[in-house]
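Structure first, commentary second.
The values are calculated or read from the model by the stated rules, or taken from the named source; none is laboratory data. Small disclaimer: the values here were computed from a predicted structure and weren't measured. Here the Cβ positions follow ideal geometry from the backbone for every residue, glycine too, while neighbour counts run over all protein chains shown.
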Amino acid sequence: MENTSYKVLGKRRIANLRLQKTAYAVNHKSPTHSHENARLVFVLRGAFTEEYNGKSRECQSLTMIVRPPLEKHSENYHGKGIICLSVDVEPQWLERLRHYNVNLDRSADFRSRNLSALIMKLSDEFAARDLASSLAIDALLLEIAVEVSRQEKEFPAAGKAPRWLGDARDFIHAEYISNPTINEIAVAANIHPVHLSRMFRRYYGCTIAEYVRRLRIEAASRALAESNETLAEIAAASGFSDQSHFSNLFKRLMNVTPAEYREIKRAR
């Protein structure tokens, strides 16, 4: 019987790499599972939520996810039009990276302007079928590995966050609807704004502005699922300047409109 929850759009095998491009159905949720080898996942279009190691992350378009071997995870594809390119990586390829002090051993996700451009090139080369495309794909994956390794070294995995950073985060959670400035947050935490920005990204994996947007989208998502408020009312209550701004950002991050999201949630 054909699986209607996803559709394989293409496969390629290049040395120690197995690539697969997949489109996922709306509202599909995968069971908890793992993979024998490490896996790189590139979100080409759409967005979904992933649960892993007792944590959760929103995987937006042009995000790269690194999954170590045997990491248990599940995905909730709450939007439509979601397409991912996954790369199953055999140990020999990772060892090749380690020879140059480039490591992809930690579960992580990455998103940046440089990385987005590389992901789009990777997608184009995957679609190409000439003899040079295999060489190009291998070279692009090496370049991507170097790019994210540099990001890891600039913002390394952190231990326990300093207490003042927790104070800053608490202030953001209390005031995100009123659009606090970086200086106001820094004053609340009694720390310099530049140091706050750098440390916030190191420990929370995103900028303060991105974090505020996530909080607003989360609040709006709850209201869409649980209330009968109009979109304009939800936009205002969640801290958006107007309904148009709210709808545009929601569609960009969630890959469905607010109305479509409400319909999906209420159909469950």
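The sole residue among LEU62, LEU104, LEU70 that is assigned by TED's automatic domain parsing to the domain that holds ILE137, in a loop (DSSP other than H, G, I, E, B), touching a helix residue (DSSP H, G or I) at 6+ places or on another chain (Cβ under 8 Å) and on the phi > 0 side of the Ramachandran plot is LEU62. The helices (runs of 4 or more DSSP H) found entirely in the range 213-268 that carry 1 or more residues being under 21 Å from the mean Cα position of the chain (by Cα) and either at pLDDT 90 or above or of a type in the set (A, V, I, L, M, F, W, C) (or both) are 243-254, 258-266. The residues on offer are ASP138, ASP170, ASP124, ASP109, and the sole one that is closer than 30 Å to GLU36 by Cα, surrounded by fewer than 14 Cβ atoms within 10 Å (Cβ to Cβ) and of a type in the set (Asp, Glu) is ASP124. Residues in the range 74-85: is at least one surrounded by fewer than 20 Cβ atoms within 10 Å (Cβ to Cβ) and assigned to a loop (DSSP other than H, G, I, E, B)? The answer is yes; a qualifying residue exists.
If you go through the range 60-82 and keep only what is at pLDDT 85 or above and more than 13 Å from the chain's Cα centre (by Cα), you end up with PRO68, PRO69, LEU70, GLU71, LYS72, HIS73, SER74. Every listed requirement among (1) within 21 Å of GLU210 (Cα to Cα); (2) surrounded by 14 or more Cβ atoms within 10 Å (Cβ to Cβ); (3) at pLDDT below 85 is met by GLU154 save one, (2). With respect to the conditions (1) in a strand (DSSP E or B); (2) out of contact with any helix residue (DSSP H, G or I) (no Cβ under 7 Å at 6 or more places or on another chain); (3) not small (Gly, Ala, Ser), PHE42 falls short on a single one, namely (2).
For the range 20-53, the set of residues classified as more than 13 Å from ASN76 (Cβ to Cβ), of a type in the set (A, V, I, L, M, F, W, C) and within 12 Å of the chain's Cα centre (by Cα) consists of VAL41, PHE42, VAL43, LEU44, listed by residue number.
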